[in-house]
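**Student:** Questions regarding the structure given below will be posed in turn.
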Amino acid sequence: MPFFRKQLPMELSLPNSSNSLNYSKLTPMNRRELIRNAALAMGAFSAAPLTLAASDLYKHQPWDSQDVPLGSIIKLSANENPHGPSPMAKKAMYDAVTASNRYQWDMNGTLREQIGKISNHSKEHIILGAGSSELLGLITLWAAQQKGNIVAADPTFQLWMPAARKLGLTVQLVPVTTAKENDLPAMLAAINSDTRMVYLCNPNNPTGTVSATADLELFIKKIPANCIILLDEAYTDYYDSPSMLHLVNDFPNLIIAKTFSKVHGLAGARLGYAVSVPANIQQLMQLQAWANAGPSYVSMQGGLASMQDNDFVAFVKAENIKAKDIFYKGLTQLNIPFIRSYTSFVYFDGAASKKNVPTALQAAGIIGARTFEKNSTWLRLSIGTVDEMQKVVAALL
């Protein structure tokens with residue numbers, strides 16, 4: 001039987017902010033030390049495995065032989081939008097190519113202003129990156145100016161973790177609940193005087209669960225004011241899950257990472273942003289080789305256009321629900337437990353299947369089902385188109 005999400009009641013509480021975040025003043029020596037270590041850390045960040053099985057993902061696939069034509073492969077491994085960029089974004093990026101010989105200085109400000117209008121912040125609250133993943137690494141680098149630990153759920157999005165360890169930070173992992181939800185009380189209990197950052201992905205990747213609004217606001221309130229809260233909201237747009245953007249000005253230690261990679265279908269274009277108080281944004285920009293220059297002019301034009309294409313976003317969300325329902329029905333028919341997801345992927349227990357799920361899918365030219373937990377039979381699979389998910393179900397029957 002599937003798990004179901006709790007209701008999301010709204011109730012706002014504010015913390016005692018007498019202790020200010022102690023990351024706003026870096027000495028020149030500190031900056032030099034951080035930047036000197038940045039290349040090594042970012043190298044680890046970019047090379048980090050996404051899952052426990054990532055190294056084996058592309059080994060001995062059926063299309064290495066004559067079994068499955070390369071062009072018919074269905075890729076459901078990275079939570080990518082199967083519908084691509086919006087028509088408006090495609091046109092904007094195509095048109096922008098002719099001007100890509102120029103630097104994107106003016107465009108940086110324009111995009112940040114437009115994002116600010118949606119999030120109800122000024123452009124000074126926003127930093128741009130080549131996808132939100134780059135910014136997760138940058139914020140980790142900032143947190144590492146003082147050695148200590150980071151608290152995060154297990155499993156969760158982990159691409160930034162090897163970089164944190166390279167920088168001398170210990171990652172304290174807190175298991176999710178039996179319902180595969182982030183265990184917020186246990187994460188709070190894991191925080192100590194050496195905790196420099198708490199990372200929370202909500203909705204969580206790979207479980208697809210979302211924390212109740214009141215619980216999440218209370219969690220933010222209780223975290224010490226000198227500890228960075230890095231809230232990864234990559235998937236909030238799929239179900240309009242509660243965003244904590246409205247708390248940014250009340251909690252100076254809160255940084256929220258967002259992306260154009262998912263609903264907007266710009267994963268390969270590499271465009272993301274983070275929102276926090278201006279003092280934090282200024283410090284993060286100082287750790288960039290060139291502030292806000294991660295995304296290209298072409299990518300930023302695509303993002304700007306996609307923000308205006310409300311019809312496309314509505315289409316993507318509706319199609320995601322349709323395709324996911326097909327998968328749910330197939331899993332239910334096969335008596336495979338799963339979690340109702342508020343994202344573009346589904347987490348399910350492959351042990352209940354009569355077939356080896358990854359093998360059966362690969363034989364049908366479908367890749368992506370893999371685990372994120374040690375000694376676990378739970379698997380994540382991205383949601384493709386309606387037609388692709390029909391093929392997934394057919395392969396498992």
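**Student:** Considering only the stretch 156-176, state which residues are assigned to a helix (DSSP H, G or I) and among the small types (Gly, Ala, Ser).
**Tutor:** Ala163, Ala164
**Student:** Further question on the same structure: Name the residue, out of Ile150, Ile126, that is buried (at least 18 other Cβ atoms within 10 Å of the Cβ) and in contact with a Gly (Cβ under 7 Å, 6 or more places away or on another chain).
**Tutor:** That would be Ile126, the only listed residue that is buried (at least 18 other Cβ atoms within 10 Å of the Cβ) and in contact with a Gly (Cβ under 7 Å, 6 or more places away or on another chain).
**Student:** Something else about it: Would you check if Ala78 is of a type in the set (A, V, I, L, M), modelled with pLDDT of 95 or more and not in a helix (DSSP H, G or I)?
**Tutor:** For Ala78, the condition - of a type in the set (A, V, I, L, M), modelled with pLDDT of 95 or more and not in a helix (DSSP H, G or I) - is met.
**Student:** When you go through Ala274, Ala225 one by one, which is the residue that is buried (at least 22 other Cβ atoms within 10 Å of the Cβ) and among the small types (Gly, Ala, Ser)?
**Tutor:** None of the others qualify; the one that does is Ala274.
**Student:** Give Ala179, Ala153 a once-over and let me know the one that is farther than 28 Å from Trp290 by Cα and part of a loop (DSSP other than H, G, I, E, B).
**Tutor:** Ala179
**Student:** Please indicate, with yes or no, whether at least one residue in the stretch 332-344 is of a type outside the set (Gly, Ala, Ser), touching a residue at least 24 places away in the same chain (Cβ under 8 Å) and exposed (fewer than 14 other Cβ atoms within 10 Å of the Cβ).
**Tutor:** Yes.
**Student:** Can you say whether Ile326 is without any contact (Cβ under 8 Å) to a residue 60 or more places away in the chain and aliphatic (A, V, I, L, M), as far as the supplied structure shows?
**Tutor:** Spelling it out, it is not the case that Ile326 is without any contact (Cβ under 8 Å) to a residue 60 or more places away in the chain and aliphatic (A, V, I, L, M).
**Student:** Using the structure shown, decide if Asp106 is at pLDDT below 95 and either part of a helix (DSSP H, G or I) or crowded, with 18+ Cβ neighbours inside 10 Å (or both).
**Tutor:** Criteria met by Asp106.
**Student:** Also, I was wondering about something else. Within the stretch 159-166, is even one residue surrounded by 19 or more Cβ atoms within 10 Å (Cβ to Cβ), closer than 19 Å to Phe372 by Cα and among the aromatic types (Phe, Trp, Tyr)?
**Tutor:** Checking the stretch 159-166: at least one residue is surrounded by 19 or more Cβ atoms within 10 Å (Cβ to Cβ), closer than 19 Å to Phe372 by Cα and among the aromatic types (Phe, Trp, Tyr).
**Student:** State whether the residues of the stretch 189-210 include one that is in a helix (DSSP H, G or I), without any contact (Cβ under 8 Å) to a residue 60 or more places away in the chain and not β-branched (Val, Ile, Thr).
**Tutor:** Checked the stretch 189-210: at least one residue is in a helix (DSSP H, G or I), without any contact (Cβ under 8 Å) to a residue 60 or more places away in the chain and not β-branched (Val, Ile, Thr).
**Student:** Name the residues in the stretch 364-397 that are among the small types (Gly, Ala, Ser) and in a loop (DSSP other than H, G, I, E, B), would you?
**Tutor:** Ala364, Gly365, Gly368, Ala369, Ser376, Gly384
**Student:** Still on this structure, I have one more. Limited to the stretch 164-187, what total is found for residues that are touching a strand residue (DSSP E or B) at 6+ places or on another chain (Cβ under 9 Å) and more than 20 Å from Ser376 (Cα to Cα)?
**Tutor:** 8
**Student:** Give all pairs with beta carbons closer than 9 Å in which a residue from the stretch 141-154 that is in contact (Cβ under 8 Å) with a residue 40 or more places away in the chain and at negative phi meets a residue that is among the aromatic types (Phe, Trp, Tyr) and in a strand (DSSP E or B); count only pairs at least 6 apart in sequence or on separate chains.
**Tutor:** Pairs that qualify, where the first residue is in contact (Cβ under 8 Å) with a residue 40 or more places away in the chain and at negative phi and the partner is among the aromatic types (Phe, Trp, Tyr) and in a strand (DSSP E or B), are Ile150/Tyr199; Val151/Tyr199; Ala152/Tyr199; Ala153/Tyr199.
**Student:** Only one of (1) part of a loop (DSSP other than H, G, I, E, B); (2) surrounded by 23 or more Cβ atoms within 10 Å (Cβ to Cβ); (3) more than 21 Å from the chain's Cα centre (by Cα) fails for Leu361. Which number is that?
**Tutor:** Checking Leu361 against (1) part of a loop (DSSP other than H, G, I, E, B); (2) surrounded by 23 or more Cβ atoms within 10 Å (Cβ to Cβ); (3) more than 21 Å from the chain's Cα centre (by Cα), the one that fails is (1).
**Student:** Residue check, Ser299 against (1) of a type in the set (Gly, Ala, Ser); (2) buried (at least 21 other Cβ atoms within 10 Å of the Cβ); (3) within 30 Å of Glu134 (Cα to Cα); (4) not assigned by TED's automatic domain parsing to the domain that holds Ala96, all met but one. Which one?
**Tutor:** Of everything listed in (1) of a type in the set (Gly, Ala, Ser); (2) buried (at least 21 other Cβ atoms within 10 Å of the Cβ); (3) within 30 Å of Glu134 (Cα to Cα); (4) not assigned by TED's automatic domain parsing to the domain that holds Ala96, Ser299 misses just condition (4).
**Student:** Do we find that Ser296 is of a type in the set (Ser, Thr, Tyr) and under 30 Å from Gly116 (Cβ atoms) in this structure?
**Tutor:** yes
The values are calculated or read from the model by the stated rules, or taken from the named source; none is laboratory data. As the structure is a prediction and not an experimental result, all values here were calculated from the model. Quick reminder, even Gly has a Cβ in these numbers, built from the backbone with ideal geometry, and neighbours come from all protein chains shown.
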